[in-house]
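First comes the structure, then the notes that go with it.
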Amino acid sequence: MRRAAEWTATGMFAFAVYLLLATFTGSLGLWAPDELIAGAVLAAVTALATGAFLWARGGWRLLQPQRWILFLIYLIGPFLVAMAKANLDVAWRVITGRIRPGIVRFNPGLHTEFGRTLLANSITLTPGTLTVDIDDGSGDFYVHWINVTDESPTPERVCGSFPNWARRIAE
Amino acid sequence: MKRWFVLAAFLVVAGFLVLLGTGMRPFGAPKAFEMDQYFIDYTQAEVAANNVVTAVVFDYRGYDTLGEATVLFCAVVGVALILRKVRR
Amino acid sequence: MNLAPHASILAIAVPLLGGFALPLWAKLHRRLGELWLFLVGAFTAAMVVLLAVQVFTGGIQVYTLGASSPGETLAPGGFPIRIMLVVDGMGAFTALISVLVALVSFLYAWRFLTEDHGKTLALTLGLLLWAGMLGMVLTGDLFNFFVFFEVTSIAACGLIGYRTWEARGVEAAFKTMVMYTVGGLLVLLAIAVLYGEHGALNLAYLSSRIQGSLPDRIALGLLLGGLLMKVGAVPAHMWAPDAYGEAPAQAVILLVANTQASLYGLLRILFTLFGGITDPVVGWLVTGLGTVTLVVAALMAVIQTDLGRLVAYGAVSQIGYMLLGVGVGFTVIRARPEYGLVAMQGGIFHMLNDAAAIGLLFLCVGAVERAAGARDLRGLGGLSHDLKWTAGFFLLGALALAGIPPLNGFASKFMIYESSFRLSPILTALATLASILLLAVFIRAFQGAFLGPRGKPSEPEPFGMVLAMGVLALAVLALGLAPDFFVRHLVAPAAEALWQGRDLYLAAVLGG
Amino acid sequence: MNALIYAFLAIGAVFNGLGAVALLRFPDVYTRVHGATKCTTFGSIFSLLGVAVYGFAQGGGIGGTMAVRAFLALVFLLLTNPTGSHALARAAHRAGIKPFRAVVDRLEERR
Amino acid sequence: MSVVVRTIARILLPIVFAFGGYVIMHGHLTPGGGFQGGAVVASALALVLVAFGEASLKKYKDLLSALESLGGVAFVVLGLIGIPFTFFANVLAGVGGLFGQSVPPGPNPGYLNTAGTLPLMNWAVGLKVIAGLGSVVVLFGLFGGEDDR
Amino acid sequence: MTVWAVLQVMTLVLIVIGSVLAVWLKDLLAAVLALGGASLLLSLEFYLLQAPDVAIAEAGIGAALTTAIFILAIRKTRRKEEE
Amino acid sequence: MTGNLPFVVCMVFVALGLWTLLAKRNLIKLVIGLTLIENGVNLFLVALGYVQGGAVPIYTYAPPGVRMVLPTPQALTLTSIVIGLATTALALAFVVVIWRHRGTLDARKVRELRG
Amino acid sequence: MIVALPFGVAAAVLLGFILASMVRLGIGPTAADRAVALDTINTLVVATMILLGAAFGQVVLMDVALVYALLSFVSTLYIARYLEGGLK
Amino acid sequence: MRLVTGEGYWSPLAWLAAAAGVLLLAGLLWSRGRRDWKRGTEEELPFLSGEAAPEGARVGGQHLYWGFVEGLRPYVERLRAFHSGFVADYVAWFVVVLAMALLVAMV
């Protein structure tokens, strides 16, 4: 049962990707009917082939639509701002050459794979930080920080509110 | 002695190659292209495909593609043959 | 359904299909794979023979792939756009050689290869190599020629590396691979140049358009270089003894046939594609390289102690005879047609003789290796006590290759000597010298491997291998005893097709 | 509309250039990964947004498809780029490359 | 590889499959075709290999080689169905039915069910290339793991 | 000189640089990286020459799979070019 | 405008690859050299098909009234690319097996077959 | 045949940045540096391809960029896996 | 059964007839001799400079034509060095052939 649901979800995902790729091809709204049929077949095959790979433990929670909305809000809101700040930060450091790097450890308390991934990628793209390693067991993040102000920081000090966002979206 | 001989031969070959590069017809202005013009003009009517390149690959020159698939198959079988486990 | 008009394409498509499907059948059951191989081989051979009959009785056969009928060669504009198979006498002749060799090879491999997984893969590669040879020989399109050239290259390299449990085979395969790839890429470069200049890939159409401008001539040079390498002319021959020496026996004879298919390509390019502009100097190049090849390879064979490598140098030396014959023919054919024709007939006839005789020798080497587990002449001896058939066949092949009269090598060498004497006696002297050297070498090898007191006892060769060798031995005898029959019915049309057939070839493709 | 596109393109070019400069100027692998990833991702996003806006402005099948393609490329970049740089940084650390003038290296301590 | 890479690989895998399928399927309309799409999907196999370790693909080795043979056979058979006319004749183009529609001349947005045997050939070649390149990568990855030489 | 010509020349120069690096570097991994870069820029050049089919094939086969196979082969052998 | 620069660059590639084969001693470097020659030939083929100001030879969303570049060289190049990959894979398989037997990648030491 | 000039100019600028990254690919002291440079080049090329697709006014060209955006990741991962000593 | 060449012809059957005649003659002569002439004497043994043959001695492949091979050796050694087994040399000689072919094709 769970397997079937996973495969269905994978198929839907692949179908969505296919639909994005094949937009503006026909008369039926944006898509031609034959495109839709072909896409459905392709999505089914994709689900059969890759369904076993897509789902890790705890992936269920990602199927709730409110989390997607939250994710979009996060992407457009705090994430984009942080990213812009990150770039200006890099610009400043490139020009002045003032860096004080180090690898620090903190534990944001995330447990699912998706949550950790989301946080890690956010950290990588935001000011002055770069995820170097994640301890699979304890969930410790090892982060290369370009301007170390605290050798044993709290999560908030390194990446602001991101752990909370990640928890809300993925856990 | 042999080094210089080979170097001279290499220079001859390289010289001819560069001569070829400069001595070809001008870049961007093909001299004879009846065949390609035929493909461009008739693909939609004969093969009913929009992509002329695919039409050439699979229809007009489909036999080449068969050979190419054979090359790939040969390579895969060859790799399997070379990297197989041998009990000796 | 009437398959006769489709014989030329079926001769290529069926072995390809067989090669693709063979692993599937073999995965179901081993016997099933062997049965499938037998069926495919028989059908393909039948198709090639049918095609050859058509060609030798009805002239050049043209087959347009993908058109609405096989004979529809030209597009409305009056130029060829699709790939064509064009088979003339020479193509049919070479295809027949490859059929003979390939069938013998499969028959031999049936009992020769013992390992299960590797056997399936090796048979697949052998089938595809055969298909590639047929494709190379029957095609009438330059790029298609290149594609099948690469098919044969890659399949051959995979087969050479069959012995992965020792480093020598893989080393030979790597060296061969480098050479084949460079040669193939330069051939592709030449084809690209011709395409860029004339906007076509059809051999006949290109031939009618080539005027001898600078790019055309450079393309000729590149094609000559690449194909001479693949044929194995000294000094670019060095991959050949490695490959022939290290590959398993059933693959080596396919490699020999592959060399001859490449020689066919060389001839096709010299006589048909560039037939309008080449002058005798090219013939002198081929003649000179051929002479050097036969002398150098024979001399190198003298000091070899490895049986396989010794025979391999003998094989390279035979390539020299073919190049000599064809080169002499190309040089003098305008000035003295009667000798030129004889020389070319000699060179082409020698292709067939060489395939039979050297193939027989290589198969014997394989049998020796299988029985004794070694090939070094310093350790071998006394094998004729156990391998009676192999000893007899080896002697037969050696004598045939050295040109002892009633056997097949004599007839073709006789033709080559006689006509090359007209061009320059030095060539004949060198060729005779090489022949004598080879006789000495092979007698020495025979004595070393087969005569003497019995060593450790070894099991006799299985029936399948004896049968394979017997077929080639029969061919050697038949070719030796009735040379005129084969020359009149196979070789003369082939030589004619090369020499005077250019106009016919062009007319068959381009009409009028 | 044109002004918006030009602005996007200019921002994209500037940030991409910043990435290249950071790649050249920073002292060690980790800082280079910092500069290169952040700046090129951000710059590429703006470049692609420029194309997407151009496509929407054009409208119709061509423009719409162009916008969708640009958007998809953007999504793919956002997915793959930080992951790739994370993998590289981790690999560099495991390969034994020390951070340049690091004040603290907790990861090293763990081993 | 780390959890980040594995998760992103999980997400990317269906995307790459769908995209590769799109490239193969639309070979006669947009750039792409059997070889290109096959290469894309084969890279997805390479991605699985690198992200989840070599062992993850070990059990698919036989399946891949069988699929490759099937692809090759299908391609030749698709050539052979043209044999009433000639080998590789495009008998399905322009006769109506599945894949048999004709296209209007000149630029157009493209229709999926055109081009005769081309889409089928694309799929045959695509299957072949996926399986072939995939098994090359897998063979390289698995070589020398547990050696009994 | 149009923009197209500028792009063309720059891409060609970049490919040549990448290829020379691939030949010149002693570290085989670095050479393979440079080859991958050259292959990628070759794909860009195909793109400029209006050949998207070839560009996709080159991107998929030349830049991704060839690099992967090369790296697997280097992993099974040795990384540095011996002197 | 750019003249015959693309053709010359292709030839430079071929010469560079040949030079690599002649001068380098590492087996993997030799394979890299083969790849370079192949890249040069591929680029040459595609460059042959270019028509000044031409468009992609695909009718889907094509700009109306523009000449198309020649399709045949692109088809040939596709074939050639796949052949190149096949060659590279097989050659690298040989290299790996040679390494397992000999423990060296130096071509000067991989010469048991000589004379 | 560039239809939209600004995109072409932007692409040319990005190509210049690729040249700068190429320098790091050449001089980078460790292999990790070179890998980072290659990763940067990948991103820049994807952006360049999209820009050029807009510049030429041809949508079909953009598929290449999508393919590359997906596949460059694979080669980066292989390099990373190699550097960290995996890939047994 | 005549293979006509430019100068003359070659007929294997005639040759076989002649060979059969010669063989017949030889057999005739041979049959005139005494069968038991050498049986059982030490003349059957190989002659090794008057020494007794060592146990297990065998004339191997490398011993045949020893002088012939040694006489050729100075020439062949040079050729042997030429076959160095080194891949770059293979390519180098290929490049030489290519250069020759290109130069010849220019004529």
* Asked: Which of the residues spanning region B:2-52 are part of a loop (DSSP other than H, G, I, E, B), buried (at least 17 other Cβ atoms within 10 Å of the Cβ), within 20 Å of the chain's Cα centre (by Cα) and of a type in the set (Gly, Ala, Ser)?
  -> B:28
* What tally of residues in region F:49-83 results from selecting those that are assigned to a helix (DSSP H, G or I) and under 24 Å from residue H:77 (Cβ atoms)? -> 22
* Kindly indicate whether any position in region D:56-71 is surrounded by fewer than 20 Cβ atoms within 10 Å (Cβ to Cβ) and closer than 21 Å to residue H:41 by Cβ. => no
* **Residue within region F:36-48 that is part of a loop (DSSP other than H, G, I, E, B) and either touching a helix residue (DSSP H, G or I) at 6+ places or on another chain (Cβ under 8 Å) or within 20 Å of residue H:78 (Cα to Cα) (or both) present** => no
* Any hit, region D:46-66, residues being within 23 Å of residue H:71 (Cβ to Cβ), within 7 Å of another protein chain (Cβ to nearest Cβ), within 12 Å of the chain's Cα centre (by Cα) and not charged (D, E, K, R) -> yes
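Listed here are the residues, each with its yes/no results for (1) over 30 Å from residue C:207 (Cβ atoms); (2) surrounded by fewer than 24 Cβ atoms within 10 Å (Cβ to Cβ).
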| position | (1), (2) |
| --- | --- |
| C:459 | yes, yes |
| C:463 | yes, yes |
| C:468 | yes, no |
| C:494 | no, no |
| C:508 | no, yes |
* Asked: Take the residues of region C:53-82 that are out of contact with any Gly (no Cβ under 9 Å at 6 or more places or on another chain), of a type outside the set (S, T, N, Q) and in a helix (DSSP H, G or I): which is surrounded by the most Cβ atoms within 10 Å (Cβ to Cβ)?
  -> C:53
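In region C:109-146, which residues are part of a helix (DSSP H, G or I) and small (Gly, Ala, Ser)?
Correct list: C:109, C:118, C:122, C:126, C:131, C:132, C:135.
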* Structure fact -> Of the residues in region C:372-392, those that are facing another protein chain (nearest Cβ under 8 Å) and part of a helix (DSSP H, G or I) number 0
* Filter region C:441-450 for residues that are of a type outside the set (D, E, K, R), in contact with a helix residue (DSSP H, G or I) (Cβ under 9 Å, 6 or more places away or on another chain) and facing chain I (nearest Cβ under 9 Å) and give the result. => C:441, C:443, C:445, C:446, C:448, C:449
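Let's see how each residue does on (1) closer than 22 Å to residue F:7 by Cα; (2) modelled with pLDDT of 90 or more; (3) more than 8 Å from chain B (Cβ to nearest Cβ):
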residue: G:2; (1), (2), (3): yes, no, no
residue: G:27; (1), (2), (3): no, no, yes
residue: G:37; (1), (2), (3): no, yes, yes
residue: G:42; (1), (2), (3): yes, yes, yes
residue: G:52; (1), (2), (3): yes, no, no
residue: G:55; (1), (2), (3): yes, no, yes
residue: G:69; (1), (2), (3): yes, no, yes
* Structure fact -> residue D:39 meets each of (1) at pLDDT 85 or above; (2) under 16 Å from residue A:127 (Cβ atoms) with one exception, condition (1)
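Is it the case that residue C:432 is surrounded by fewer than 19 Cβ atoms within 10 Å (Cβ to Cβ) and at pLDDT 85 or above?
For residue C:432, the condition - surrounded by fewer than 19 Cβ atoms within 10 Å (Cβ to Cβ) and at pLDDT 85 or above - is met.
Residues are listed down the side, and each one gets a yes or a no for (1) touching a strand residue (DSSP E or B) at 6+ places or on another chain (Cβ under 7 Å); (2) surrounded by fewer than 24 Cβ atoms within 10 Å (Cβ to Cβ); (3) within 9 Å of chain B (Cβ to nearest Cβ); (4) farther than 25 Å from residue C:96 by Cβ:
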{"site": "C:121", "(1), (2), (3), (4)": "no, no, yes, yes"}
{"site": "C:130", "(1), (2), (3), (4)": "no, no, no, no"}
{"site": "C:136", "(1), (2), (3), (4)": "no, no, no, no"}
{"site": "C:139", "(1), (2), (3), (4)": "yes, no, yes, no"}
{"site": "C:149", "(1), (2), (3), (4)": "no, no, no, no"}
{"site": "C:168", "(1), (2), (3), (4)": "no, yes, no, yes"}
{"site": "C:192", "(1), (2), (3), (4)": "no, no, no, yes"}
{"site": "C:212", "(1), (2), (3), (4)": "no, yes, no, yes"}
{"site": "C:215", "(1), (2), (3), (4)": "no, yes, yes, yes"}
* To do: Could you tell me which of the residues C:453, C:460 is at the interface with chain I (Cβ under 9 Å from one of its Cβ atoms), over 20 Å from the mean Cα position of the chain (by Cα) and touching a residue at least 60 places away in the same chain (Cβ under 8 Å)?
  => C:453
* Verdict on residue A:89 being among the acidic types (Asp, Glu), within 10 Å of chain D (Cβ to nearest Cβ) and in contact with a Lys or Arg (Cβ under 7 Å, 6 or more places away or on another chain) -> no
* Structure fact -> Checking E:35, E:87 in turn, the sole residue that is at pLDDT below 85 and surrounded by 17 or more Cβ atoms within 10 Å (Cβ to Cβ) turns out to be E:87
* **Selection from region E:31-47 of residues that are at the interface with another protein chain (Cβ under 7 Å from one of its Cβ atoms) and part of a helix (DSSP H, G or I)** => E:35, E:36, E:39, E:40, E:42, E:43, E:46, E:47
* Can you name every residue in region F:46-83 that is surrounded by 24 or more Cβ atoms within 10 Å (Cβ to Cβ) and charged (D, E, K, R)? -> F:53, F:58
* To do: Go through E:73, E:91 for me and flag whichever is more than 7 Å from every other protein chain (Cβ to nearest Cβ), without any contact (Cβ under 8 Å) to a residue 40 or more places away in the chain and of a type in the set (A, V, I, L, M).
  => E:91
* Test residue D:8 against the stated conditions and say whether it is buried (at least 17 other Cβ atoms within 10 Å of the Cβ), in contact (Cβ under 8 Å) with a residue 12 or more places away in the chain and more than 9 Å from chain H (Cβ to nearest Cβ). => yes
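Any idea which of G:100, G:111 is surrounded by fewer than 24 Cβ atoms within 10 Å (Cβ to Cβ), of a type outside the set (A, V, I, L, M, F, W, C) and part of a helix (DSSP H, G or I)?
G:100
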* For residue C:85, work out the one condition from (1) surrounded by 17 or more Cβ atoms within 10 Å (Cβ to Cβ); (2) in contact (Cβ under 8 Å) with a residue 40 or more places away in the chain; (3) assigned to a helix (DSSP H, G or I) it doesn't fulfil. => (3)
* **Matching residues in region C:393-440 - criterion: being touching a residue at least 12 places away in the same chain (Cβ under 8 Å), outside any helix (DSSP H, G or I) and out of contact with any helix residue (DSSP H, G or I) (no Cβ under 6 Å at 6 or more places or on another chain)** => C:404
* Among A:110, A:62, which is the only one that is aliphatic (A, V, I, L, M), outside any helix (DSSP H, G or I), surrounded by 15 or more Cβ atoms within 10 Å (Cβ to Cβ) and at pLDDT below 80? -> A:110
* Return only the number of the condition from (1) farther than 17 Å from residue D:17 by Cβ; (2) facing chain D (nearest Cβ under 9 Å) that residue H:26 does not satisfy. => (2)
* Could you look through region G:33-78, keep only residues that are aliphatic (A, V, I, L, M) and in a loop (DSSP other than H, G, I, E, B), and pick out the one that is surrounded by the fewest Cβ atoms within 10 Å (Cβ to Cβ)? => G:66
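The values are calculated or read from the model by the stated rules, or taken from the named source; none is laboratory data. Given the structure is predicted, the values throughout are model-derived calculations rather than measurements. Glycine gets a Cβ as well: all are built from the backbone with ideal geometry, and neighbour counts include every protein chain shown.
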